[in-house]
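J.: Mind having a look at this structure? Questions to follow.
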Amino acid sequence: MNDIESKVQQFHKDGYLVLPGILPEEDVARLRTGVEKAFGQPCEESKLYGMPEMWRPRMFERGEEFESLVDHPATLDLVEAILGGNCHLIAMSALRTLPGTGLDSWHADETVRFPIPRGIRLDERIQAPCFIVNLNYYLCDVDAELGPTQFVPGSHRSGRQPEAEDRDKDGNPSFEGQGVFSAVGPAGTCVMWHDQTWHRGAKNVSGDRVRWVQQAPYGRRYISQRFYPFIKYRMPEEILDRANPRRQRLLGMHGLGAYG
């Protein structure tokens, strides 16, 4: 079994991977500078989304340093091994988590895609379907106080959102005996997860530090892209002109398929 195969196997077992050392220091510095610049400018979409202090969308429009993440080989080889060679980027957002804040509600993303009734256990021989893989690139050292991404191992196999019965007295869920795992790591770490894994961004309780993260989710071809304003969105031509064939496909330039 090669390294990618072993990591994919671990991903399907736990529902996430923590990959330190994915980005070298110089890339972290360039990306962080770009993210800080983005948060220094107003953003109407983030206001509409109700997260003007935390969220900036479509970062691939803000410089070639972000475009290079679209097909970053150290992560995309894994993503394609999970989702298939016809997947694409569905969004690209930057996250700034100020002291005292965090996306700290436990959840599986959007909707439960493979519902399983409580009390029914998915057969071990059946792999939980994966349609979306999310990536967080840490642009600073993330320790327990700064608000790491947290997961409940194996919960992508639950087939439901976390419920009251899953939680302890502190409100933290567990699944089949597995409690909370905190994905701490140095700058340059990439945290990758199955979008159905119960997760959250823990609250930043550092007191005076900011958590900087660049996020990139990918979906199978038939998962729609989330580039606001959606059907009215037009990708800048210069981004496509600069892109190699793999990046063009990851940005949505597919050939004809079953539905056109």
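Quick note: the coordinates plus some simple rules give every number you see, no bench work behind them. If you're wondering where the values come from, they're calculated on a predicted model, not measured in any experiment. Heads up, the Cβs are rebuilt from the backbone with ideal geometry, glycines too, and the neighbour counts pull from every protein chain shown.
J.: Quick one: which residues, 5 or more positions from LEU19 or on another chain, have an amide H under 5 Å from its amide H? H modelled 1.01 Å from N in the peptide plane, none for Pro or chain starts.
T.: Those lying under 5 Å, H to H, from LEU19 are CYS190, VAL191, MET192.
J.: Under 10 Å, Cα contacts only: if you run a Gaussian network model on the chain, which one of ALA81, ALA187, ALA91 comes out with the highest mean-square fluctuation?
T.: ALA81
J.: Give me a comma-separated list of calculated 3J(HN,Hα) values for segment 60-68, in order, Karplus coefficients 6.51, -1.76, 1.60 applied at θ = phi - 60°, integers in Hz, x for any Gly or Pro.
T.: 3J(HN,Hα) across segment 60-68, in whole Hz: 5, 7, 9, x, 5, 4, 7, 4, 5.
J.: How far is the Cα center of segment 208-257 from the Cα center of segment 85-104, in Å?
T.: 14
J.: Give the calculated FRET efficiency between ALA74 and GLU110 to the nearest 0.05, with a Förster radius of 25 Å applied to their Cβ-Cβ distance.
T.: 0.40
J.: Mind listing the phi-derived Karplus ³J(HN,Hα) values for segment 161-176, rounded to whole Hz, using 6.51, -1.76 and 1.60 with θ = phi - 60°, and x for any glycine or proline?
T.: 6, x, 10, 4, 5, 7, 9, 8, 5, 8, x, 8, x, 9, 9, 6
J.: Given charges of +1 on the Cβ of Lys and Arg and -1 on the Cβ of Asp and Glu, with all other atoms neutral, how large is the dipole of the chain about its Cα centre, in debye to the nearest 20?
T.: 700
J.: Please label the shape of segment 131-210 as rounded, prolate or oblate, based on the square roots a ≥ b ≥ c of the eigenvalues of the alpha-carbon gyration tensor (a/c under 1.5 means rounded; beyond that, a/b larger than b/c means prolate, else oblate).
T.: oblate
J.: Given H placed 1.01 Å from N in the peptide plane, which residues other than close sequence neighbours of ALA128 have an amide H under 5 Å from its amide H?
T.: none
J.: Next question. Return the single residue from SER158, SER46, SER174 with maximal mean-square fluctuation; model: Gaussian network over the chain, springs between Cα atoms under 10 Å.
T.: In this elastic network of the chain, the residue with the biggest mean-square fluctuation among SER158, SER46, SER174 is SER46.
J.: Using θ = phi - 60° and the Karplus relation 6.51 cos²θ - 1.76 cosθ + 1.60, list the HN-Hα couplings for segment 226-242 in order, rounded to whole Hz, with x at every Gly or Pro.
T.: Each residue's phi maps through the Karplus curve to give 10, 8, 4, x, 6, 5, 8, 6, 10, 6, x, 4, 5, 5, 5, 5, 7 Hz.
J.: Right, something else. Which helices, counted as full DSSP H runs in the chain, have an axial Cα extent of no less than 18 Å and a Kyte-Doolittle average of -1.0 or above?
T.: In the chain, the long hydrophobic H runs are 25-39.
J.: What's the longest piece of the chain with no exposed trypsin sites (Lys or Arg not before Pro), counting a site as exposed if DSSP puts it in a loop and it has at most 12 other beta carbons within 10 Å?
T.: It works out to 1-117.
J.: Counting alpha carbon pairs within less than 8 Å and at least 6 residues apart, what relative contact order, in whole percent, applies to the chain?
T.: Value for the chain: 31 percent.
J.: Moving on. Mind giving me the nanometre distance, one decimal, between the label points for ARG234 and ILE120, set 7 Å out from Cα along Cα→Cβ?
T.: In this crude spin-label approximation the distance works out to 4.7 nm.
J.: Hey, can you grab everything whose amide H is under 5 Å from the amide H of HIS107? Only 5+ residues off in sequence or another chain; H modelled, so Pro and N-termini drop out.
T.: Close amide H contacts, sequence-distant or interchain: HIS199.
J.: OK, next. Please work out whether segment 67-123 counts as rounded, prolate or oblate from its C-alpha gyration tensor, where a ≥ b ≥ c are the square roots of the eigenvalues and a/c under 1.5 means rounded, while otherwise a/b larger than b/c means prolate and anything else oblate?
T.: oblate
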